[in-house]
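Undergrad: Dropping a structure here in structure tokens format, bear with me for questions.
Only the coordinates and a few stated rules stand behind these numbers; no lab work does. Remember, predicted model here, so these are calculated numbers, not experimental data.
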Amino acid sequence: MIAPFHVALGVTVAGQVASPLPLPVPAVLDDIRGACMGTIADEVTVTVRVGARERSESFVVRLHTPDQAEAPTAMLLELGPLRLWLGGGRIVGTVASAPDLVLEGSYEGGISLGAISRVVPPVPAPHLGLLSRGPMFLQQTGPVSWTSASADERARPGTMTLEGTSAYGPVRVVADLASARLRRVTATVRTGEGVATLDFEVRGIDPGDPGSWEIKPEGRRVVARLDELIAPRAPARAGVGDLAPDLLLTRRDMTGWSLHGALPPGGTAPLAIILFRSPADPERAAGIARDARTGLAVLRALRLGHVVPGMDAPGPPLEFDSIAAAVIELGEYRPERLDEAARGWGLVARGRSTPGPARIGADDLLWAASAASSLERFAVKADAMIVVVGPDRSVREIVSLDGRFDKAGEVAAAMARALAP
């Protein structure tokens, strides 16, 4: 451990605490990794900051590494209503809304970010990145080169800090000086909204008994995919006038978005949602994306009061919010697939700096993990659609965009009626 060494050298002859003391990077890495061993549990709050905007989410990670083992042998992730256990090459998950179902999968080798991503989107868990002993730290940062380390007794409690860089910018890990337990991680990443900062606040909690973490599948129906667990039964498709289902989408920085959360009680603006499939076949994906971009162009024109081809004259600017999501089935998901779908989508993705009203919410492309939990929740069958949801969470309109890349006027007329005050 470095801490005793630092205590001995970090104090001047006069007894005053010196400035942060440089430390060897490998030794600090070993200390922090060592503190992730044994049986631990942390509550992690992730805050994503893009410019002046920010949003936060929390999850709990529990890890068990027996004596003499080099990697965890059991892990429990608590991601809101989703609980995911890994151990002995098995992945078992449950969700609170479907207590009679259980997700079962498998992985090879040790518990790692790669093992988790077999069944769920990449989880920003810095513990696993540190324990991997490779350059990959977080899925969102890619490989990190650690460049310096230091200890600071002036902080209360004392800290040791590890500094590094990724392709996107600086990465910093702060740990407790006495215990080497993680306290904070900050990293610069690139998202569909531009350059962002991920800020992890880590708080140790009681891990409980690792023997009690395992999720038992007995007596439950087994499913093989996350979307089957989250949306296990084909619900009635929502039509115009029905209550909209609570769509759950994922931003490109892997934080969540929910439809009902975007429409808080007391709101006044409707929400337009573009949903479109992004299949593996490039030719089919390009055709669907072309139709979907017509919807994006229509929403921008209506928001700004601009003319739409096929309409006689522009109408007044309409007040509404918007969002867009590409549907990539979870089993086919890779970060590069979403990057490909986002290429050329919206003003931000095209590299334009467009301050002011020209930029709309749908310029940022999110991800839907299955058609069953997104497109197929609505009464209109389509590869691409716009759904308008009122502030009361009722469905106002569902418009198919299939084959309508050259019919913006028709789409605009339907959207103008649905979005009107």
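Undergrad: Rounded if a/c is under 1.5, else prolate if a/b is larger than b/c, else oblate: which is the range 161-223, with a ≥ b ≥ c the root eigenvalues of its Cα gyration tensor?
TA: Oblate, because a/c is 1.5 or more while a/b does not exceed b/c.
Undergrad: In addition: Just to confirm the number: angle between the C-alpha axis of helix 282-304 and the first principal axis of the chain, 0 to 90 degrees, nearest 10?
TA: Approximately 80 degrees, to the nearest ten.
Undergrad: Identify which of 249, 259, 86 has the largest mean-square fluctuation in a Gaussian network model of the chain, with springs joining Cα atoms closer than 10 Å.
TA: For the chain, modelled as a Gaussian network with Cα springs under 10 Å, the answer is 259.
Undergrad: So for the chain: antiparallel DSSP bridges make up what percent, rounded to the nearest 5?
TA: The antiparallel proportion sits near 85 percent.
Undergrad: Another one. Test of understanding: in a Gaussian network model of the chain with alpha carbons linked when under 10 Å, which of 26, 72, 391 would top the mean-square fluctuation ranking?
TA: Ranking 26, 72, 391 by mean-square fluctuation puts 26 first.
Undergrad: Still on this model: Which of the three applies to the range 235-277, rounded, prolate or oblate, going by the alpha-carbon gyration tensor with a ≥ b ≥ c and a/c under 1.5 meaning rounded?
TA: oblate
Undergrad: Starting from the Cα gyration tensor of the range 236-419, take the square roots of the eigenvalues, sort them a ≥ b ≥ c, and report rounded, prolate or oblate (rounded when a/c is under 1.5, otherwise prolate if a/b is larger than b/c, else oblate).
TA: rounded
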